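Data first, discussion second: the structure below is written as structure tokens.
Every read-out reported here was derived from the displayed coordinates using simple, explicitly stated rules and does not represent laboratory data. Please read these numbers as outputs of a predicted model, since none were measured by experiment. We place every Cβ from the backbone using ideal geometry, glycine too, and count neighbours over all the protein chains shown.
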Amino acid sequence: MRHLNKMLQAQEEKEEIDMTPMLDVVFILLIFFIVTASFVKEGGIDVNRPEAATAVKKERANILVAISDKGDIWINKRKVDIRSVQANIERLKAENPQGTVVIQADKKSTTDTLIKVMDSARAAGVFDVSIAAQDA
């Protein structure tokens with residue numbers, strides 16, 4: 001009887017499925033997809049951009065700054081003061097050294113605000129500054 005009981009236990013042990021390799025593969029795939037995912041960044045508000053016949057799509061725009069028609073400045077979905085634009089761009093530039101700045105200015109925003117944002121970006125060390133426009 002003991003011999004039969006030992007055989008049944010040995011057979012039960014053999015029938016177990018080891019889930020560890022499958023879990024390893026799932027975690028490796030998860031890490032791969034997280035690392036390779038490109039996250040869409042937004043300025044924080046929708047702006048009515050001006051039209052331009054020579055508008056070109058910028059592929060690697062990492063730092064988006066939006067200027068509303070009232071002159072409000074938005075970075076990463078947060079309204080910021082003109083005095084803190086440089087510090088915010090410096091922080092985002094530190095996170096991504098190859099980052100470029102794209103300013104999404106509303107048609108009705110003033111040039112004064114646009115120039116101040118551009119100056120702040122250049123003072124933060126980003127010289128690749130673009131202004132967003134729609135295709136005409």
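Site pair VAL25 and ASP112 shows an inter-label distance of 6.4 nm when each label is modelled 7 Å from Cα along Cα→Cβ. Ranked by the mean number of other Cβ atoms within 10 Å per residue, highest first, peptides 66-73, 19-26, 93-100 order as 66-73, 93-100, 19-26. Dimensions of the range 70-136 based on its C-alpha atoms, expressed as ranges along the principal axes with the largest first, amount to 32, 27, 21 Å.
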